[in-house]
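The structure appears below as structure tokens.
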Amino acid sequence: VVVTGGSRCIGAAVVRHAAAAGHPTVVVYRSGCEEAEEVARQARALGPASQARQADVSQEADVVRLFEQLQASHGVPGVLVNNAGLNGGRRSILDFKASELEYLFHVNVVGAMLCTREAARRMARSRGGAGGVIVNVSSMAATIGGRPGLSHYAASKSALDAFTVGAARELAPEGIRVHGIRPGATRTDLTEAGWRDPGMRAAIERSIAIGRYASADEIAAPIVAMFSGAFAYLSGSIVDAGGGGYVLA
């Protein structure tokens, strides 16, 4: 199981849950080598092999190198979780900068597409592979255009959702299932400021039907469940992990 953005938050939780389910894992990180190595150590403590690998998914050369090295040392991955992403920071549409938008889309969309390409080239039955599973981590923001100041982030996740559906259709004959999951407000490093601000936290939690933030573990568990044969006929679906949806009134 290859997990991009695997050194922290949802990605790290996916690695631990995958290891607990018996899957060898690869923790892909852009920076934060020590954190990634610690997550890999935690995974190994659960039994299966695990290693950390550095790659910037926004850089095509890094993505190609990552999958070539993994194939040479460990064979073809059976699962890819495209989790690496950023929210770009709150930004008014009036203050958009092309360079910031380009980087956001390179990480959240292009990076996932490139990782999918490299994984699919190796998983594809037409190329001698045995098929596999790809899970794209989106966001509930894609369903409402994002909270104020995050329309650019929401747009990137909407693009990822569209790719999930298209990839599922195209890759099905290759034995590759493609899933999507849209976490809602989840306590991660990207949301820590809102979590620590009592007023903002209360406002956000009032907008969630269940009434609270999710933990990273609560998002990781359904992601890992998607790897199993119980989901063999499910592909192209995007699961909303948003605590029952938004409360609009």
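The values are calculated or read from the model by the stated rules, or taken from the named source; none is laboratory data. Please read these numbers as outputs of a predicted model, since none were measured by experiment. Note that we place each Cβ from the backbone using ideal geometry, even for glycine, and neighbour counts take in every protein chain shown. Just the protein is used for accessible areas: all its heavy atoms, side chains included, with ligands, DNA and RNA removed. Shrake-Rupley method; radii C 1.70, N 1.55, O 1.52, S 1.80 Å.
Miscellaneous remarks
- The residues listed here are ALA214, ALA162, ALA241, ALA225; of these, the one that is touching a Ser or Thr at 6+ places or on another chain (Cβ under 6 Å) and either among the β-branched types (Val, Ile, Thr) or on the phi < 0 side of the Ramachandran plot (or both) is ALA214.
- Looking across region 29-40, the residues that are out of contact with any Asp or Glu (no Cβ under 6 Å at 6 or more places or on another chain) and either open to solvent by less than 50 Å² (accessible area, probe 1.4 Å) or farther than 16 Å from VAL14 by Cβ (or both) come down to TYR29, SER31, GLY32, CYS33, GLU34, ALA36, GLU37, VAL39, ALA40.
- Hey, SER235 among the hydroxyl-bearing types (Ser, Thr, Tyr), farther than 26 Å from LEU80 by Cβ, surrounded by 14 or more Cβ atoms within 10 Å (Cβ to Cβ) and in contact (Cβ under 8 Å) with a residue 40 or more places away in the chain or not: no
- Unique match (being open to solvent by 20 Å² or more (accessible area, probe 1.4 Å), polar (S, T, N, Q), at pLDDT 95 or above and not in a loop (DSSP other than H, G, I, E, B)) among SER73, SER99: SER99
- Some residue of region 199-207 being in contact with a strand residue (DSSP E or B) (Cβ under 8 Å, 6 or more places away or on another chain), of a type in the set (A, V, I, L, M) and either in a strand (DSSP E or B) or open to solvent by less than 40 Å² (accessible area, probe 1.4 Å) (or both): no
- Flag for ILE144 being of a type in the set (Val, Ile, Thr) and either more than 30 Å from LEU94 (Cα to Cα) or open to solvent by less than 20 Å² (accessible area, probe 1.4 Å) (or both): no
- Of the residues making up region 165-194, just one is touching a Ser or Thr at 6+ places or on another chain (Cβ under 9 Å), over 25 Å from THR116 (Cβ atoms) and either open to solvent by less than 60 Å² (accessible area, probe 1.4 Å) or in a strand (DSSP E or B) (or both), namely ALA185.
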